[in-house]
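The values are calculated or read from the model by the stated rules, or taken from the named source; none is laboratory data. Note that this is a predicted model, so its numbers are computed, not measured. Cβ placement follows ideal geometry from the backbone for every residue including glycine, while neighbour counts extend to all protein chains displayed.
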Amino acid sequence: MVILYTLAALFLFTIIVAPIVMMIILLIRTNKPKQNPNASVKLEQLEQNDYNIVDDVNKAFHDVSQSISELQAKLEEIEEKMEREEHTIKGFNKK
């Protein structure tokens with residue numbers, strides 16, 4: 001009989017305590033600070049800064065790749081000139 005009373009007491013205790021706990025949780029969640037509208041403006045500014053950085057980096061890589069291709073073309077031209085000089089006869093230029 002004591003076990004039955006204990007189980008009934010635990011059941012009643014749970015029924016009484018559960019709504020109180022749920023209400024406390026609900027109050028804690030609703031009292032969280034609201035998002036600041038300035039935060040979205042700052043977020044948009046940061047996104048714009050990111051896009052600017054990406055554009056600048058892409059332009060820099062494009063300039064570097066362009067200068068490398070120009071340098072490669074000049075090197076090929078110099079190699080061609082050196083190869084032509086190796087195959088030319090040099091004794092006929094002097095009179």
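Being of a type outside the set (Gly, Ala, Ser), surrounded by 10 or more Cβ atoms within 10 Å (Cβ to Cβ) and modelled with pLDDT under 90 is true for just one of Lys94, Lys42, Lys90. Which residue is that?
On the way: Lys94 fails: surrounded by 10 or more Cβ atoms within 10 Å (Cβ to Cβ); Lys90 fails: surrounded by 10 or more Cβ atoms within 10 Å (Cβ to Cβ).
Residue meeting the stated conditions: Lys42.
In region 7-39, which residues are surrounded by 10 or more Cβ atoms within 10 Å (Cβ to Cβ) and outside any helix (DSSP H, G or I)?
None; the set is empty.
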